[in-house]
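The values are calculated or read from the model by the stated rules, or taken from the named source; none is laboratory data. Keep in mind the model is a prediction, meaning the values are calculated, not measured. Cβ coordinates were reconstructed from backbone atoms using ideal geometry, including for glycine residues, and neighbour counts include every protein chain displayed.
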Amino acid sequence: MNTVRSETYLRLLEDLLCILSARLEESQLPIHILLESPFGELNENQEELLGAARNAIEAADIEVRRLRKLLDLERGAVSMAQQPMGVAELLRAPLAIAAARAEKAGVSYRWNVPIELPRVIVDPTHMPEALTSQLGIAIARSTPGETLLVEAREVADGSRVTISVSHGAGANALTADGLLARRMIELQGGTIADSARATIIELSAERLSASSNITR
């Protein structure tokens, strides 16, 4: 009975997300037209109000898309094409985005990603997306003047690579973005653990031979 009820709720939620997506799309067009080709001159306050409305609609649309993808992940409708990928390459885009976000938030940042780390087994599209989200959450938990520190290291037996993210002690709010990132990491064989001032992500490492078990 619980399984049937859960499936019913999932279908209802999916239907609701479809309706919300359609309504948000309908709302975006008239606001875009008013801002780009207004019927008459808009004063500064009117432009600000329309701009705020457009930003709110776009933010809501992003949240709806995240929830939809989360549902797709739970249904197994998202394929994961996992393959070996260098850790530095994996973190390049997420760290670049995190640096820009940190500077905007007044948060300092430091990275330590050794080039000799073994490659990890990940989806080259979904894992960078998940890491970008987690770094954004870490920045949001930090206050101006605090430091975001990202360190990558190989565990002793060479089976996994740990990405440690040290951040501020702000509350870790429950969000669709956070849930989606966590689920994407887990579905790729990774783990994620949160504490007051750190988020630890572990990913499966490529093991080419028995020699990969030797600690560097």
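Observations, loosely collected:
Okay, residues lined up against (1) in contact with a His (Cβ under 6 Å, 6 or more places away or on another chain); (2) outside any helix (DSSP H, G or I); (3) under 30 Å from E186 (Cβ atoms):
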{"site": "E26", "(1), (2), (3)": "no, no, no"}
{"site": "I31", "(1), (2), (3)": "no, no, no"}
{"site": "E41", "(1), (2), (3)": "no, yes, no"}
{"site": "N55", "(1), (2), (3)": "no, no, no"}
{"site": "E58", "(1), (2), (3)": "no, no, yes"}
{"site": "I62", "(1), (2), (3)": "no, no, yes"}
{"site": "R66", "(1), (2), (3)": "no, no, yes"}
{"site": "L71", "(1), (2), (3)": "no, no, yes"}
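- Qualifying residue in region 111-132 (condition: under 12 Å from the mean Cα position of the chain (by Cα), within 17 Å of T191 (Cβ to Cβ) and polar (S, T, N, Q)): no
- Only one of R110, R66 that is closer than 27 Å to L149 by Cα and outside the structural domain of G168 (by TED's automatic domain parsing): R66
- Consider region 81-110 and keep the residues that are out of contact with any helix residue (DSSP H, G or I) (no Cβ under 6 Å at 6 or more places or on another chain) and in a loop (DSSP other than H, G, I, E, B). The one that is surrounded by the most Cβ atoms within 10 Å (Cβ to Cβ) is Q82.
- Residue count for region 145-175 under the criterion of being farther than 29 Å from I62 by Cα, of a type in the set (D, E) and modelled with pLDDT of 95 or more: the result is 2.
- Counting only residues that are of a type in the set (S, T, N, Q) and more than 17 Å from R153 (Cβ to Cβ), region 91-124 holds 1 of them.
- Considering L20, L42, the condition of being modelled with pLDDT of 75 or more, under 24 Å from the mean Cα position of the chain (by Cα), assigned by TED's automatic domain parsing to the domain that holds N55 and surrounded by 10 or more Cβ atoms within 10 Å (Cβ to Cβ) is satisfied by L20 alone.
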